[in-house]
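Each value in this text was obtained by applying a stated rule to the coordinates, not by laboratory testing. All values derive from a computational prediction rather than experimental measurement. Cβ placement follows ideal geometry from the backbone for every residue including glycine, while neighbour counts extend to all protein chains displayed.
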Amino acid sequence: MEKNLASEINYLRLSITDRCNLRCLYCTTWDKWEKLPAPEILRYEEMLRLAGVAAAVGLRKVRVTGGEPLVRRGVVEFIQALHQVSGLEEICLTTNGVLFKDLAQDLHAAGLRHVNVSLDSLKRARYRELTGSDNLWEVLSGLEQAAALGFHPLKINCVVLKGINDDELLDFALLARDRPYQVRFIEFMPTISPERWRPHFFSMEEVRRRLAAALGQGVPVGRNPTAGPARIFHFPGFRGELGFISTLSQHHCPTCNRLRLTAAGRLRPCLFAAPELDLKGPLRRGESDEALGQIFREAMQRKTAPRDDLPPGCAMIGIGG
């Protein structure tokens, strides 16, 4: 096993589709979105080969994302196959939870244990307004089933939107008091136009201030080597934990350990910063694993310093978050 080239880059977010069954307001400009033609999306066998190449150059964790990954046929078998890739130590899934309840048992049997569920409101009408779909019950039922099956860690990702869901902060936090969830509050990133983004940005400093007034400060929890950017805290009497991700107000660029592979086969050193590196072209031309590994190494070397000019309009559905 060779040593990582750029600090401790050990985590690959792997988007397996740009399709989704929700239309969340912060994801993209839906009236202008065009989904990729199916032949342009990496096949599962191509993704498995690239996962093996990634492991060979030091990546240890793969998170399967989308779009919504559970809308892609064969996802259970793919996740099972990922668990067989030599060198990978952790396989995770991020989902909007709508289809999770029906697939939870099969995903558990496939070896999956680590699941993140995106959920931005606990109010049915608001959830419908935010997502364009009336599926809150399915998401909450899926979470309950995941806990019963023993998925751990079981995380809830809540994007905090000023004037939209910031009145639900304590309600979300109390989910972690009563259940073994890690509830993570995330700053709204500039994934849509500045005119739509700025009015709804809400800093993690303010989130923590509000919650501290009701819950106290909490005790910091140590990080494992493949952890993402969340700062995790335990609160007395809680079965779970709370996490805070300050993507903009407190850049975590110097400690970022992630690369992102899009469904179209583009490798991104950074969520927002250019450039993307093409993996699909060399892969389909028959390049060797060593040549593909060199592209991963180049992406590692291109990890950027903190930025204050993050561009708007970075459509999350095509990148995988």
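Of the trypsin sites (Lys or Arg not before Pro) found in the range 103-164, the ones in coil according to DSSP and having at most 16 other Cβ atoms within 10 Å of their Cβ are LYS123, LYS162. Between 0 and 90 degrees, the angle of helix 100-109 with respect to the longest Cα principal axis of the chain falls at about 50 degrees. Farthest toward the positive end of the dipole of the chain, out of PRO282, CYS92, GLN80, is the Cα of CYS92, where the dipole comes from beta carbon charges about the Cα centre. Taking θ as phi - 60° and the Karplus parameters 6.51, -1.76 and 1.60, the scalar couplings of the range 10-18 work out to 9, 9, 10, 8, 10, 7, 9, 6, 9 Hz in sequence order, x denoting glycine and proline. Helical runs assigned H by DSSP (4 residues or longer) give the chain a calculated mean residue ellipticity at 222 nm of -9000 deg cm²/dmol, each run adding -39500 (n - 2.57) before division by the residue total.
Given H placed 1.01 Å from N in the peptide plane, which residues other than close sequence neighbours of CYS92 have an amide H under 5 Å from its amide H? Long-range HN contacts for CYS92: VAL62, ARG63, VAL64. Rounded to the nearest 10 degrees, the angle from helix 289-301 to the longest Cα principal axis of the chain is 40 degrees.
Normalised by the empirical 2.2 N^0.38 Å for globular proteins, what value does the Cα Rg of the range 158-225 take?
Cα Rg divided by the expected 2.2 N^0.38 Å: 1.23.
Of the residues ARG239, ARG13, the one with the fewest other Cβ atoms within 10 Å heads the list, and the complete ranking is ARG239, ARG13. For the range 19-75, the list of GluC sites (Glu not before Pro) that fall in a loop by DSSP and count at most 12 other C-beta atoms within 10 angstrom reads GLU34. For helix 169-178, report the angle its Cα long axis makes with the longest principal axis of the Cα atoms of the chain; keep it between 0 and 90° and round to the nearest 10°. Result, in degrees: 80.
Taking 7 Å steps out from each Cα toward its Cβ at ARG124 and VAL221 produces label points 3.1 nm apart.
When the Cα positions of HIS234, ALA110, PHE185 are compared along the charge dipole of the chain, HIS234 comes out farthest toward the positive end, with charges on each C-beta of Lys, Arg, Asp and Glu.
Tell me the label only: which of (i) -0.30, -1.22; (ii) -0.21, -1.25; (iii) -0.19, -1.55 is log10 I(q)/I(0) by the Debye sum over Cα atoms at q = 0.06, 0.16 Å⁻¹ as calculated from this structure? Checking each listed value against the structure points to (iii). Residue exposure proxy: TRP33, TRP137, ordered by other Cβ atoms within 10 angstrom of their Cβ from fewest to most, comes out as TRP137, TRP33. Phi-derived couplings, Karplus 6.51 cos²θ - 1.76 cosθ + 1.60 at θ = phi - 60°, listed residue by residue for the range 57-63: 9, x, 7, 10, 10, 10, 10 Hz, with x used for Gly and Pro. Whole-Hz Karplus values for the range 143-154 come out as 5, 4, 5, 4, 5, 5, 6, x, 4, 6, x, 10 Hz, taken residue by residue from phi with 6.51 cos²θ - 1.76 cosθ + 1.60 and θ = phi - 60°; glycine and proline positions read x. Annotation: the range 55-131 has a Kirkwood hydrodynamic radius of 13.6 angstrom, from the mean reciprocal C-alpha pair distance.
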